[in-house]
1. Please enumerate the residues belonging to region 384-393 that are out of contact with any helix residue (DSSP H, G or I) (no Cβ under 7 Å at 6 or more places or on another chain) and not in a loop (DSSP other than H, G, I, E, B).
2. Out of curiosity, is residue 41 part of a helix (DSSP H, G or I) and surrounded by 17 or more Cβ atoms within 10 Å (Cβ to Cβ)?
3. Conditions first: (1) at negative phi; (2) out of contact with any strand residue (DSSP E or B) (no Cβ under 8 Å at 6 or more places or on another chain). Residue 47 passes all but one, so which condition is the exception?
4. Just checking, which of 85, 58, 79 is in contact (Cβ under 8 Å) with a residue 12 or more places away in the chain and part of a loop (DSSP other than H, G, I, E, B)?
5. Can you find, within region 167-209, the residue that is surrounded by the fewest Cβ atoms within 10 Å (Cβ to Cβ) among those that are at pLDDT 95 or above and on the phi > 0 side of the Ramachandran plot?
6. When the residues of region 414-431 are narrowed to those that are assigned to a loop (DSSP other than H, G, I, E, B) and in contact with a strand residue (DSSP E or B) (Cβ under 8 Å, 6 or more places away or on another chain), which ends up surrounded by the fewest Cβ atoms within 10 Å (Cβ to Cβ)?
7. Quick one: how many residues across region 61-76 are in contact with a helix residue (DSSP H, G or I) (Cβ under 7 Å, 6 or more places away or on another chain) and in a helix (DSSP H, G or I)?
């Protein structure tokens, strides 16, 4: 497709062309299985989050701002709301525990933001499980690729990548569900660029805004698609143009790799580089948890015997999860703890587990955990810095008697090089829904999600869950 204002093809148009010509039958089974497992994973996280106060507050806020009842539902609530409100609540459910998946190289959490927008739309339109799998695959594949365009990481310029990039992935998924033309899709993506936002200021003080970003992006995507459906136009050279999104958001002109969005599209699948999280925190810290627990179990390490814990981490992560050290050692809130290397390593060492109940208020105030956090020291790891496609951690524990124990993780569990099996996904799902829904309901839901291609009515599936 050519831009209607220019003879030069645009990136947005090229992506839309691929989306409109998408063939489910041409997708390798491994990619489809990956997509189903990611849906299972994030639905489990949403259920685990459903009783949290911030989720209840998000619902109340949507009732106030969007006027109450509508034609859509969030995953876990029987009260109807507008599609944009339902997408917002879903996004909060998917992200508040920091337990959703991550595309390592771009730092984007792709499944949660796309799925949050698609679920209420699928139910509203009476669509099938296969429709959901298709749309999620399209949206998350293009989203991950978009995140590879810039060599600069969004966190470094003060933006949350899952939010500012995420709105585009959700729009591509919605455009496929609604059978938009190329022109409509380009208009919707153009509108999304003006709805793209997400400041990481709350990283500093642990306030709640960051936990809402995925919901904000999913809700914005619903609005962008609605605008395009009514014929409202959006800029075609929205990514690479003179006033394009990348130049505006980075306020610089590095060598943008615009071809990353479309090179080998449909042949090389970037979604296979999305990693499920084994623990509910910033992905950067997951290999440090694995290494710490491995040392604890192998050597019977007791907190009172530890002199210092050295954590070698890539320097570009210092600002987000390591510093200022004094603040990171005493996180103000549960979410603040999820981006603290010092607290995370200490809690992992003391408790020996980091599941959906981690970062509880009692853990943040635990005197033994706090004492260990004071002994966690971060150091630059230039090996990790040399390859940001991987997720390396090196932990060394020096004991008070002079002994030292070290463990290195080159790739965290859940990544393509260290994958989680189907059974591993199921274990995480079961642990997340335990105590929220019955075991029988959980097993029935898991079976349906693992066979989504055969589910004719997604609405019926989730109505059963909400009961």
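The values are calculated or read from the model by the stated rules, or taken from the named source; none is laboratory data. Keep in mind it's a predicted model, so treat the numbers as computed, not measured. Here the Cβ is made from the backbone with ideal geometry for all residues, glycine too, and neighbour counts use every protein chain on show.
1. Across region 384-393, the qualifying residue is only 384.
2. Numbers: part of a helix (DSSP H, G or I): yes; surrounded by 17 or more Cβ atoms within 10 Å (Cβ to Cβ): yes.
So residue 41 passes the test.
3. Answer for residue 47: the failing condition is (2).
4. 79
5. 179
6. 416
7. Going through region 61-76 one residue at a time, the tally reaches 2.
Per-residue answers, yes or no, for (1) farther than 20 Å from residue 243 by Cα; (2) assigned by TED's automatic domain parsing to the domain that holds residue 386; (3) touching a residue at least 60 places away in the same chain (Cβ under 8 Å):
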residue	(1), (2), (3)
123	yes, no, yes
156	yes, no, yes
179	yes, no, no
186	no, no, yes
207	yes, no, yes
210	yes, no, yes
